[in-house]
Amino acid sequence: MIKVLNLYAGIGGNRKLWKDVEVTAVEINPEIAKIYQSFFPNDKVIVADAHQYLLDHYKEFNFIWSSPPCPTHSKLKVTHVKGRGLKPVYPDMKLYEEIIFLQTFFEGKFCVENVISYYNPLIQPQKIGRHYYWCNFKIDENLKVDSDKIADRKTGFGTAGKLAQRYGYDLSILDGITGIDKRQILQNCVNKEIGKHIFDCAYRTKQMLLKDIDINGDE
C-alpha cells in the first residue's frame, strides 16, 4: 500500500481516481475538510497548515502531492490587478520552498502543482494543460487534456455549475456552508484524470531516472 500525503487537499479533485493507497489529506479550512472527508471516508483528514505539516511529517510517506495556493502566481490575477488598479502583492514563495525542500530531502516520489505563472518559473516545471507540475519523475506527455471551454468571458473563470459538471461533483454538497465560494473551491480542483495520470507515471515499472531528464534544468 502506497502511503500518500495530499497537501492543500481542498475537496480532493486530484485524489478521485487513486487506487490502493493510504492517504493523509491536509486542509486548513475545517468546512472544506469535512467535504473532503465525506467523499473519502477512509482517508485520514487533518485540519492544519499544509506547509508546516510537510516539514514535520514528510518522512512518513512514499508519495507527496502538494498544491500550494496559486493566486499570487497567476497570469489572470495579475491582469485583474493591473486592469482594476488593485494593490499588487508579492508572489507566495512557499511554492518554491516546498519544491526545493522535496528535491533535497524527500526520498519518495513527489508532485507540486500550480498554475502557469506570469513570470518565468524559477525552477523548470513540466506542463499539462494550464498547469505546471514539478516532479522528480517524468510525466508522460501523451495525455489529452479536456479542452471544453468552461470560462466565463467576463471573469475568465469557470462558472460553478460547469466546473461541478467537469469534475463530477454535486453542488449541493456546498449548500448551507457560509463563507465559501463554490466556484473557487471547484476552480481549485485538479482534473481527476490528470491526477491519476501523474500518479501512474510516478509508479511505472520502468521509470526514467531524474538525472537523465531535464526537469531541473540539468543534463
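The values are calculated or read from the model by the stated rules, or taken from the named source; none is laboratory data. Not measured: the values here are computed from a predicted model. When we count neighbours, we look across all protein chains shown, and the Cβ atoms used for this are built from the backbone with ideal geometry, even at glycine.
Going by what's in this entry, would residue 67 be described as touching a strand residue (DSSP E or B) at 6+ places or on another chain (Cβ under 6 Å), at pLDDT below 95 and polar (S, T, N, Q)? No, not satisfied.
The residues listed here are 35, 28; of these, the one that is among the β-branched types (Val, Ile, Thr) and in contact (Cβ under 8 Å) with a residue 40 or more places away in the chain is 35.
Restricting 113, 107 to residues that are within 21 Å of residue 185 (Cβ to Cβ) and at pLDDT 95 or above narrows the list to 113. Cβ separations smaller than 8 Å between residues 6+ apart or across chains give the following pairs from region 188-205 residues that are touching a residue at least 24 places away in the same chain (Cβ under 8 Å) to residues that are part of a helix (DSSP H, G or I) and surrounded by 18 or more Cβ atoms within 10 Å (Cβ to Cβ): 189/163; 189/167; 191/167; 192/167. Of all the criteria given as (1) within 22 Å of residue 128 (Cβ to Cβ); (2) modelled with pLDDT of 95 or more, the one not satisfied by residue 74 is (2).
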